[in-house]
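What follows is a set of notes on a single structure, which appears directly below.
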Amino acid sequence: MPSELLTERIGAVVVMTLSGPATRNSLSHQVIAAGIEALNVAEADPDLRAVLLRGDAGHFCAGGNLHGLLERRRAGPPAQLQMLEHLHQLIEALRAFPKPVIAAVDGAAAGAGFSLALACDLIVAAQDARFILSYGRIGLSPDGGASWSLMQSLPRARVQQLLWLGEPVSAQQLFDWGLVCAVTATGQSFGEALRMAERLAAMAPNALASAKELLQQAAGHSLKQQLAAERDHFIANLFHDNGAEGLNAFLEKRAPRFR
């Protein structure tokens, strides 16, 4: 039975749970399609302010199902091309999503599952979480944007080590490298990620969207281009209703009520 995506709303946060315990929540067409649809729904609903992505039954996501890969190999390149393009649509949707997306990682985040976590804005991981890109060990190369995501944050030699050797990396190691924002006790990643998502959900959504867009543009911008982008976003947010609310709330020493 292929994995499925379960969705639940907790206040202003949408929780998306990858569920396929028999294959450690491996990715399927059903999961990917449901993930894209859930993001579209959350983006269109102003009352939904953040997304939390997690896995079921003690693991995050094992990536692609190897039996499925063998079946698609027998079927020929078009079948695997379709799967990859579908996966990459989900990765792009996560990157372009204007609201905060937090990954809560327990257990294994392997292959495209690691890529999926990297596509989120923040990663909260339990101390028992293990991240692995084992493509090289089975004669394959990375997918899901892993090579791009890792090169945004780590030195080239470190990325090559991860991609070539395929050795598991701990949550603490990724925290030390700056890829994971918090390490929790075993089984506590969801609770911590939810608290973080709820804090973000209470902030001005337009300002959060601006910060996300600016960060994504920064690597491809010159300083002059980035300064111009910051200027435009700052002016837009200052003259947004939330700008007035934030300033007045601070001066009046009360909690802001952003919309």
- For Lys253, go through the aspartates and glutamates and keep the ones whose alpha-carbon is under 14 Å away, minus same-chain ones fewer than eight residues off. Glu245
- Query: Which percent of Cα pairs goes in each bin when the distances of segment 205-251 are cut into 10 angstrom slices starting at zero?
  - Reply: 27, 46, 22, 5
- Using the charge dipole of segment 205-251 (Lys, Arg: +1 at Cβ; Asp, Glu: -1 at Cβ; taken about the Cα centre), state which of Leu208, Asn237, Ser222 has its Cα farthest towards the positive end. Ser222
- Among all the lysines, which ones have a C-alpha under 22 Å from Lys99's C-alpha, if same-chain residues fewer than 8 places away are not counted? Lys212
- Show me 177-183, 115-121 ranked by packing, highest mean number of other Cβ atoms within 10 Å first. 115-121, 177-183
- Message: For the chain, set up a GNM with springs between Cα atoms under 10 Å and report which of Pro98, Pro205, Pro77 has the largest fluctuation.
- Response: Pro77
- Message: Rounded, prolate or oblate, given the Cα gyration tensor of segment 1-122, with a/c below 1.5 counting as rounded?
- Response: prolate
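Does segment 169-219 come out rounded, prolate or oblate, given a ≥ b ≥ c as the square roots of the eigenvalues of its C-alpha gyration tensor, rounded meaning a/c under 1.5 and, failing that, prolate meaning a/b above b/c?
Numbers: a/c = 4.63, a/b = 1.35, b/c = 3.42.
It comes out oblate by the Cα gyration axes.
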- Message: Using a Gaussian network model on the chain with a 10 Å cutoff between Cα atoms, which of Gln30, Gln172, Gln225 fluctuates the most?
- Response: Gln225
- Query: Roughly how many debye, to the nearest 20, is the charge dipole of the chain about its Cα centre, given +1 on each Lys and Arg Cβ, -1 on each Asp and Glu Cβ, and no other charges?
  - Reply: 400
- Beta carbons within 10 angstrom, averaged per residue: use that to sort the peptides 146-154, 249-257, 161-169, highest first. 146-154, 161-169, 249-257
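Magnitude of the Cβ-charge dipole of segment 135-222, K/R +1 and D/E -1, about the Cα centre, nearest 20 debye? Spell out each step's value before the answer.
Details: 6 positive and 6 negative charges, 20 e Å.
Dipole magnitude for segment 135-222 comes out near 100 debye.
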- Hey, with R₀ at 22 Å, roughly what FRET efficiency would Glu213 and Asp241 work out to, going by the Cβ-Cβ distance, to 0.05? 0.70
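Given the Cα-Cα distance of Ala228 and Glu37 and 0.36 nm per residue of separation, how much length would full extension add, in nm?
Details: separation 191, 0.36 × 191 = 68.76 nm, distance 3.36 nm.
Once the chain is fully extended between Ala228 and Glu37, it gains 65.4 nm.
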- Item | GNM flexibility winner over the chain from Ser141, Ser19, Ser222 (Cα, springs under 10 Å) | Ser222
- Task: Taking the chain as the reference, fit the longest principal axis to its C-alpha atoms, fit the long axis of helix 29-44 to the helix C-alpha atoms, and give the angle between the two in degrees, 0 to 90, nearest 10.
- Result: 0
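Any read-out appearing in this document is the output of simple, stated calculations on the displayed coordinates, not a laboratory observation. Just so it is clear, the structure is predicted and the values come from calculations on it, not from any experiment. Note that each Cβ is placed from the backbone with ideal geometry, even for glycine, and that neighbours are counted across all protein chains shown.
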